[in-house]
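The values are calculated or read from the model by the stated rules, or taken from the named source; none is laboratory data. Bear in mind the structure is a predicted one, so any value in this text is a computation, not a measurement. Don't worry about glycine lacking a Cβ; one is built from the backbone with ideal geometry, like all the others, and counts go over all protein chains shown.
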Amino acid sequence: MRTAMPLALPALAAATGLLLMTACGQQIPEPPHVPPAESTETLAPVEPARPVFDTEALGIPMDEASIADGKAIAQTHCAICHGLDQDASLRADAPPLRYVLSLYSPENLSEDFRAGIHVGHETMPDFVFGDLGMDVLLAYLVSIQETPTLAE
Ligand code: HEC
C-alpha cells in the first residue's frame with residue numbers, strides 16, 4: 001500500500017487531469033460567430049419586419065385596385081429616383097419606397113401629401129395628385145413598407 005500510493009497518485013492526477021481537460025475541451029463554447037461587417041446582408045431576416053399602419057384611421061383604401069393605381073402613379077412619378085417594390089433606388093440619395101414610411105411618420109406623410117406639399121428635400125420635386133391620387137399612392141406605399149434592416 002505504501003509503495004502503491006505514490007505511484008497511484010500521479011496516475012490518478014494524470015487521469016483526473018485528462019478527464020478535466022476532456023471536460024474543459026467540451027465546455028469551451030464555440031466562439032460566437034461574428035461575421036465580417038461587409039457580409040451583414042446575409043443576416044437579413046427571411047420575413048422582413050413590416051411597420052403597422054392604422055390605414056382605416058388614416059383613410060387609406062387598401063383594396064387591390066387602389067394599390068394598383070397607386071403603384072401606377074409611383075411608376076410614373078417616383079421610380080426615376082426611388083426603387084419600387086424590392087428594387088434598389090436609381091438615385092443613391094433617394095431611399096427605396098418600401099422604406100420611406102419608416103423614415104417618415106405616415107401621419108405627416110399623409111398630411112403633407114394631401115396638402116400637396118414637399119415631402120423630401122430640395123432635390124425632390126413637389127407633387128400634387130389630388131385627394132384620390134394621394135390616397136391610392138399612400139395605399140401602394142403602405143402595401144410595400146418594410147422596416148429597414150441594418151444592412152441597408
Ligand atoms: C427627382 C428624384 C425624386 C423623385 C422623382 C421622387 N423623389 Fe422622393 N426623394 C428623393 C430624394 C433625393 C429623397 C431623399 C431626401 C432626403 O434624404 O432628405 C427623397 C425622399 C423621399 C421621401 C422621404 C422623405 C423624408 O423626409 O425622409 C419620401 C416619402 C419620398 N421621397 C416619396 C416620394 C414619392 C411618393 C415620389 C413619387 C410621387 C417621389 N418621392 C419622387 C428624390 C425623388
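Please enumerate the residues belonging to the range 54-68 that are farther than 14 Å from Leu137 by Cβ and modelled with pLDDT under 95.
Result: Asp54, Glu56, Ala57.
For the range 75-152, which fully contained helices (runs of 4 or more DSSP H) count at least 1 residues that are modelled with pLDDT of 85 or more, within 9 Å of the ligand (Cβ to nearest atom) and under 18 Å from Pro51 (Cα atoms)?
97-103, 130-144
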